[in-house]
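The values are calculated or read from the model by the stated rules, or taken from the named source; none is laboratory data. Small disclaimer: the values here were computed from a predicted structure and weren't measured. Glycine gets a Cβ as well: all are built from the backbone with ideal geometry, and neighbour counts include every protein chain shown. Accessible surface areas use protein heavy atoms only, side chains included; no ligands, DNA or RNA. Shrake-Rupley method; radii C 1.70, N 1.55, O 1.52, S 1.80 Å.
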Amino acid sequence: MTFNGFQETTTSENGSDLNERETIEADLLLEGVHRLYGYDFRNYAKPSLMRRIWHHVHAENLDTISQLQNKVLHDRSCFERMVQSLSIPVTEMFRDPELFRTFRREVVPILRTYPYIRIWHAGCSTGEEVYSMAILLHEEGLYDKARIYATDMNDRSLKQAKEGIYGIEKMKLYTKNYLEAGGTQSFSDYYTAKYNSVMLQPYLRKNIIFAEHNLATDRSFNEFNVIFCRNVMIYFNDTLRDQVHGLFYESLSRFGILVLGSKESIHFTQFSDCYEPLDRVEKIYRKIK
């Protein structure tokens, strides 16, 4: 229709104007979160990020991203809930067992030559992968000379990781993964069952340091022989992915080992010629430059 000689435009809910409006709203939300709270989601991959933002809009019983922005900026508890929503943990013990079997075969012999071993699990989530590494090193006689740094931006996930308490219903899958990963003992020796939960043995935590670290904003904090970062960078856009690869390159010692997720790669990054593959299928690389 027209009003005072101007044509009023209307679009459907799926129209381009609405999509552009949503993009603007999301950009303003993420910019506000970064400036006020220091959490930087601005270079996360947009499709999955938008799905999670809208999920949280509905979880807060709101109608628009702008309403969420207003609430997040004035209510820290809403912001904290949003961080949990945007960093959904997906992990399990000895996830992708063949990777851990390959790690035993290809990487452990290298680690045996070191007087001291530093390993960084970046984006450790609730800690299952970290404890898997502790068990593997224990069985290979390397744990006493190792220090594992387990970091994540999600403080709630880190709290669970520090406790080392998991649902007993997961143990059947975890036992299967452990055996397929080349485990040499009875997996039940590594935990104590109580009611509906299991607690991992305390000695598995003795050489693990859990700490908050945000890959998008924080810098290198040590030099490592091994860096694990699996299924984290799939949520980043190219800019942030390159930035994080730079962080890992800077943090790895000479001939250090980088382990990525099955859908991740160092190819098409500026660091691709700085590594050689130890196993192309399992995405295990060694720094050579």
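Observations on the model:
- Looking across region 256-289, the residues that are hydrophobic (A, V, I, L, M, F, W, C), over 23 Å from Asp40 (Cα atoms) and surrounded by 12 or more Cβ atoms within 10 Å (Cβ to Cβ) come down to Ile257, Leu258, Val259, Phe271, Cys274, Leu278, Ile284.
- Some residue of region 96-115 being basic (Lys, Arg), open to solvent by 10 Å² or more (accessible area, probe 1.4 Å) and modelled with pLDDT under 95: no
- Set Phe224, Phe268, Phe187: member being among the hydrophobic types (A, V, I, L, M, F, W, C) and either free of Cβ contacts under 8 Å to residues at least 12 places away in the same chain or over 22 Å from Gly141 (Cα atoms) (or both): Phe268
- Matching entry among Lys172, Lys145 (being out of contact with any Gly (no Cβ under 8 Å at 6 or more places or on another chain), modelled with pLDDT of 95 or more and over 24 Å from Glu212 (Cα atoms)): Lys172
- Test result for Ala193, closer than 30 Å to Tyr37 by Cα, open to solvent by 10 Å² or more (accessible area, probe 1.4 Å) and either touching a strand residue (DSSP E or B) at 6+ places or on another chain (Cβ under 8 Å) or part of a strand (DSSP E or B) (or both): no
- Residue that is nearest to Leu136 (Cα to Cα), among those in region 78-95 that are open to solvent by less than 20 Å² (accessible area, probe 1.4 Å) and hydrophobic (A, V, I, L, M, F, W, C): Phe94
- The listed residue being among the aliphatic types (A, V, I, L, M) and touching a strand residue (DSSP E or B) at 6+ places or on another chain (Cβ under 6 Å), out of Ile119, Ile65, Ile110: Ile119
- The condition (being closer than 30 Å to Glu223 by Cα, out of contact with any Leu (no Cβ under 6 Å at 6 or more places or on another chain) and not aliphatic (A, V, I, L, M)) is satisfied by just one residue among Arg76, Arg101: Arg101.
- Which listed residue is buried (at least 21 other Cβ atoms within 10 Å of the Cβ) and either among the aliphatic types (A, V, I, L, M) or under 19 Å from Arg118 (Cβ atoms) (or both), from Leu173, Leu142, Leu137: Leu137
- Residues within region 159-169 that are under 20 Å from the mean Cα position of the chain (by Cα) and either at pLDDT 95 or above or open to solvent by 70 Å² or more (accessible area, probe 1.4 Å) (or both), tallied: 7
- Taken over region 82-132, the criterion of being more than 24 Å from Asp152 (Cβ to Cβ) and among the aliphatic types (A, V, I, L, M) is satisfied by Val108, Ile110.
- Listed conditions (1) on the phi > 0 side of the Ramachandran plot; (2) at pLDDT 95 or above; (3) open to solvent by 10 Å² or more (accessible area, probe 1.4 Å) are all met by Ser125, apart from (2).
- Region 1-46 - residue that is more than 22 Å from Asp152 (Cα to Cα) and small (Gly, Ala, Ser) and, of those, modelled with the highest pLDDT: Ala26
- Within region 230-246, the set of residues being surrounded by fewer than 18 Cβ atoms within 10 Å (Cβ to Cβ) and in contact (Cβ under 8 Å) with a residue 24 or more places away in the chain comprises Ile234, Asn237, Thr239, Asp242, Gln243, Gly246.
- Tally, over region 118-154, of residues that are in contact (Cβ under 8 Å) with a residue 60 or more places away in the chain and either of a type outside the set (A, V, I, L, M) or more than 23 Å from Leu252 (Cα to Cα) (or both): 16
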